Structures are given as structure tokens and as C-alpha cells.
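Engineer: Provided herewith is a single structure, encoded as C-alpha cells, for subsequent inquiry.
The values are calculated or read from the model by the stated rules, or taken from the named source; none is laboratory data. Here the structure is a predicted model, which is why all the values come from computation and not from measurement. We place every Cβ from the backbone using ideal geometry, glycine too, and count neighbours over all the protein chains shown. Note: areas computed on protein heavy atoms with side chains; ligands, DNA, RNA excluded. Shrake-Rupley method; radii C 1.70, N 1.55, O 1.52, S 1.80 Å.
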Amino acid sequence: MPQDYWINLPVKNLKKSKEFFEKIGFVAKENFVHDMTNVQLSIGEKEVYIMLFEKDIFQHFSRTAVANTEKSAEIIFSIGVETKEEVDEIYEKAIANGGKSFAPPENIGEMYGCGFCDLDDHRWNILYVEKAI
């Protein structure tokens, strides 16, 4: 049975990307920083891991070209939070630290959420879903 979950992302500048994600609430796992060719980050209580790799390293082990995220989206990562205020806070931090908005915070049916691109144009949603009592 699988025990862990990693998302591998290519980045242009590992140091800047690490700093960006730390500023919006991710935690760097320093024991997984190897000669600054990759960085392991985690988010949330369940600790989903995000592995950042310099593009050439990612391209080598994926054995394919890296998608041009400036021209198309390859995936949207969604993160659930506990309050609308957390949606706003993460969105504001992302934009203030170099991220780009593709969907400002708004009500979306039963949800409240937003969307931003990180420094490498990977797309992220931050979502709050009110739980029925």
C-alpha cells in the first residue's frame, strides 16, 4: 500500500522557488536539500510533498521535454484551507512574492477560492469549502 505522495515540479531557479513557497506557507525539509539540485517542501497536516527540481534534472529523469507553462497549463494543484481568510492570505502572499493571478478570490458555488501561478507558471488553487454541520 502506498505510504507517501510526492509531486515533482521543474523550476527555473531553485533558490527563488524555494523562497516563494516558504513565504506562502510551505515548509522546506532541509534534510532533502541536495546540493541545491532539488528541494523537498511539504504543506498541510497530511504532509503532501512537493519536490522542486532544476529543469535540466527534471528533464533527465522524466525523459521528456518540460512543458512550456507560459503557453499552456499542464495541471492545477488545489489546496484546501479552513477559512476564507486563509484563501485571501495565501493569495495575497503569492502575488506579493512574484506569483501571478489567474482567478482572484471569489465565491464559486459552494466554495470560496482563488487561483495563482507560481514563479514557473504552475497553477495553484486555494479553496475553502464550508462543511455542513
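Engineer: Under 6 Å by Cβ, and 6 or more places apart or on different chains, what pairs join a residue from the range 16-37 that is open to solvent by 80 Å² or more (accessible area, probe 1.4 Å) with one that is at pLDDT 90 or above and not hydrophobic (A, V, I, L, M, F, W, C)?
Structural biologist: From the range 16-37, the pairs are 23/93; 23/97.
Engineer: Restricting attention to the range 41-78, and to residues there that are of a type in the set (Ser, Thr, Tyr) and open to solvent by 50 Å² or more (accessible area, probe 1.4 Å), which single residue is nearest to residue 10 (Cα to Cα)? Write out each step before concluding.
Structural biologist: Within the range 41-78, the first condition is being of a type in the set (Ser, Thr, Tyr), and the residues that meet it are 42, 49, 62, 64, 69, 72, 78.
Then drop every residue that is not open to solvent by 50 Å² or more (accessible area, probe 1.4 Å), which leaves 64, 72, 78.
Details: 64: 12, 72: 15, 78: 18 Å.
My answer is 64.
Engineer: If you take the residues of the range 113-133 that are open to solvent by less than 30 Å² (accessible area, probe 1.4 Å), assigned to a strand (DSSP E or B) and of a type outside the set (Gly, Ala, Ser), which of them is nearest to residue 67 (Cα to Cα)?
Structural biologist: The extreme case among them is 117.
Engineer: Looking at the structure I just gave you, is residue 102 open to solvent by 50 Å² or more (accessible area, probe 1.4 Å), among the aromatic types (Phe, Trp, Tyr), touching a Phe, Trp or Tyr at 6+ places or on another chain (Cβ under 9 Å) and part of a strand (DSSP E or B)?
Structural biologist: Criteria met by residue 102.
Engineer: Could you please let me know if residue 86 is part of a loop (DSSP other than H, G, I, E, B), of a type in the set (Asp, Glu) and either open to solvent by 80 Å² or more (accessible area, probe 1.4 Å) or under 15 Å from residue 125 (Cβ atoms) (or both)?
Structural biologist: Taking the combined requirement at face value, the residue does not satisfy it.
Engineer: Within the range 1-14, restricting attention to residues that are open to solvent by 80 Å² or more (accessible area, probe 1.4 Å) and modelled with pLDDT under 90, which residue is farthest from residue 117 (Cα to Cα)?
Structural biologist: Filtering first and then ranking leaves 1.
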